[in-house]
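Q: Submitted below is the structure of interest, expressed as structure tokens.
The values are calculated or read from the model by the stated rules, or taken from the named source; none is laboratory data. Everything numeric in this text was worked out from a predicted model, so none of it was measured. Heads up, the Cβs are rebuilt from the backbone with ideal geometry, glycines too, and the neighbour counts pull from every protein chain shown.
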Amino acid sequence: MATIIDGKAYAAKLREQVGAEVAELKTKHKITPGLAVVLVGADPASEIYVNSKGKMCREAGMESFDFRMPDTTTEAELLAKIKALNEDKKVNGILVQLPLPKHINESAVINAIDPLKDVDGFHVINAGKLATGQQGLVPCTPFGCLLLIKSVLGDDLSGKNAVIIGRSNIVGKPMANLLLNANCTVTITHSRTKNLAELCARAHIVVAAVGKPEMVKGEWIKNGAVVIDVGINRITLSDGSKKLVGDVAFAEAAERAKAITPVPGGVGPMTIACLLSNTVKAACLQHNIQPQVFYPPYSSDCFTISPNSSSKPK
Ligand code: NAP
Ligand code: LUD
């Protein structure tokens, strides 16, 4: 039976380390990192994530600036908001929660964010830096996945076969680049991929980011693989109750995997913890200070398998 990777506990530990770095930035440099989160519209799931981002930001000792805009907001109005946040010295990180209403061009909005404040790592400059192996801000979800993978396999992932299911700009592609930079042999798969089950069967690492409930079957998984389930799907059971499930058939996959992330309590909490870490990183970069938490290299050696140990980052 697989070890269940406790993303919630790892995320709490990472937030604790971020909090310690924030405290040091305040005392040594008189800087309080600030994160601005912009939500356009009232999607219930987005509201939950955005509230949680603000709360955890404040708990880590940072400033949180919340902006709620109606779903009738025009692209020009949103771009004007971003311009103001780019110019605001108290704001070190800017995040525009996705998805945006259909009438707004997402890339135009993302690319209007100052790349040094782009704590989502979605700006084309940060995407390009990641793709060419240069330091930049890295997307939170795949970065969290990498840390969870390293918590199981250690820092050296050289030569591992990694199969990523999904090729979105926010998860699949940056995940592939992170694992490629870590010397894995990476296969990116998507809706047109043939023989997905056979490709998965050769993978030491499987990352599923599809958005299809329990699509990845236990029999696709190689014995001893590490399985990271990014999917968040809200399904309705036959008795009418609602349940959150991932993209992986968890019980089946857990019979073969070495380690597997649950949904909820796996990748989701890591996304938010990595956002806080990116905000501190951004504040440091803007003030020419060397950041500490996971920067560089993307080491997990301060992030031991025991989530309860209180070791400080090295
Ligand atoms: P997305 O933009 O919808 O991309 C989904 C990807 O899955 C696409 O590349 C698509 O292929 C591929 N796909 C669809 N059906 C497939 C199939 N039958 N076989 C193989 N590939 C298939 O989604 P996303 O934004 O990456 O998110 C994926 C999931 O992760 C969602 O459930 C989302 O809610 C969740 N998520 C969770 C977090 C977190 O923090 N836990 C963060 C972000 C996203 P094509 O490119 O060919 O269409
Ligand atoms: N947009 C994200 N849109 C959606 N789950 C998140 C997320 C926490 N610009 C921008 O935060 O990084 C983003 N940047 N995203 N997501 C998804 C994606 C965005 C998803 C789940 C969770 C963030 C989370 O904490 C909990 C868990 O898995 O344990 C469960 C809570 C729940 O109801 O999903």
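Q: Restricting attention to region 144-156, and to residues there that are in a helix (DSSP H, G or I) and more than 17 Å from residue 188 (Cβ to Cβ), which single residue is farthest from ligand 2 (Cβ to nearest atom)?
A: 153
Q: Looking at region 157-268, what strands (runs of 3 or more DSSP E) fall wholly within it and have at least 3 residues that are within 17 Å of the chain's Cα centre (by Cα)?
A: Those strands (runs of 3 or more DSSP E) span 205-208, 226-229.
Q: Against the condition more than 8 Å from ligand 1 (Cβ to nearest atom), under 24 Å from residue 122 (Cα atoms) and buried (at least 23 other Cβ atoms within 10 Å of the Cβ), how does residue 182 come out, does it pass?
A: Here the answer is no, as residue 182 does not meet what is asked.
Q: Can you find a residue that is at pLDDT 95 or above, over 19 Å from residue 10 (Cβ atoms) and within 16 Å of ligand 2 (Cβ to nearest atom) anywhere in region 204-211?
A: Within region 204-211 (the criterion being at pLDDT 95 or above, over 19 Å from residue 10 (Cβ atoms) and within 16 Å of ligand 2 (Cβ to nearest atom)), the answer is yes, since at least one residue qualifies.
Q: Which condition number does residue 280 fail, the rest of (1) away from ligand 2 (no atom under 16 Å from the Cβ); (2) without any contact (Cβ under 8 Å) to a residue 60 or more places away in the chain; (3) surrounded by 24 or more Cβ atoms within 10 Å (Cβ to Cβ) being met?
A: Against the list (1) away from ligand 2 (no atom under 16 Å from the Cβ); (2) without any contact (Cβ under 8 Å) to a residue 60 or more places away in the chain; (3) surrounded by 24 or more Cβ atoms within 10 Å (Cβ to Cβ), residue 280 comes up short only on (2).
Conditions tested, residue by residue: (1) within 9 Å of ligand 1 (Cβ to nearest atom); (2) without any contact (Cβ under 8 Å) to a residue 24 or more places away in the chain; (3) not basic (Lys, Arg).
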| position | (1), (2), (3) |
| --- | --- |
| 169 | yes, no, yes |
| 174 | no, no, yes |
| 186 | no, no, yes |
| 192 | yes, yes, no |
| 195 | no, yes, yes |
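Q: Given the criteria more than 22 Å from residue 276 (Cβ to Cβ), surrounded by fewer than 24 Cβ atoms within 10 Å (Cβ to Cβ) and within 15 Å of ligand 2 (Cβ to nearest atom), does residue 160 qualify?
A: no
Q: Looking at region 35-69, which of its residues are within 16 Å of ligand 1 (Cβ to nearest atom) and polar (S, T, N, Q)?
A: Matches in region 35-69: 46, 51, 52.
Q: May I pose another question? Would you confirm, using the coordinates I've provided, whether residue 104 is in contact with a helix residue (DSSP H, G or I) (Cβ under 6 Å, 6 or more places away or on another chain) and in contact (Cβ under 8 Å) with a residue 24 or more places away in the chain?
A: Answer is yes for this residue.
Q: Can you name the residue in region 108-155 that is in contact with a Phe, Trp or Tyr (Cβ under 9 Å, 6 or more places away or on another chain) and more than 27 Å from residue 85 (Cα to Cα) and is also nearest to ligand 1 (Cβ to nearest atom) among such residues?
A: Step by step, filter region 108-155, then rank; the result is 148.
Q: Right, here's the next one. Tell me yes or no: at least one residue of region 29-41 is in contact with a Leu (Cβ under 7 Å, 6 or more places away or on another chain), surrounded by fewer than 16 Cβ atoms within 10 Å (Cβ to Cβ) and farther than 16 Å from residue 280 by Cβ.
A: no
Q: In addition: Within region 79-100, track down each residue that is within 13 Å of ligand 2 (Cβ to nearest atom) and out of contact with any strand residue (DSSP E or B) (no Cβ under 6 Å at 6 or more places or on another chain).
A: 82, 98, 99
Q: Sticking with this structure for a sec: Name the single residue that is farthest from residue 119 (Cα to Cα) among those in region 33-67 being touching a residue at least 12 places away in the same chain (Cβ under 8 Å) and among the β-branched types (Val, Ile, Thr).
A: Selected residue: 40.
Q: Something else now. Residues that are of a type in the set (S, T, N, Q), at pLDDT 95 or above and more than 14 Å from ligand 1 (Cβ to nearest atom): does region 222-231 have at least one?
A: Looking through region 222-231, at least one residue is of a type in the set (S, T, N, Q), at pLDDT 95 or above and more than 14 Å from ligand 1 (Cβ to nearest atom).
Q: Would you check which residues across region 263-276 are surrounded by fewer than 20 Cβ atoms within 10 Å (Cβ to Cβ) and either under 12 Å from residue 144 (Cα atoms) or touching an Asp or Glu at 6+ places or on another chain (Cβ under 9 Å) (or both) and list them?
A: Of everything in region 263-276, just one residue is surrounded by fewer than 20 Cβ atoms within 10 Å (Cβ to Cβ) and either under 12 Å from residue 144 (Cα atoms) or touching an Asp or Glu at 6+ places or on another chain (Cβ under 9 Å) (or both), namely 265.
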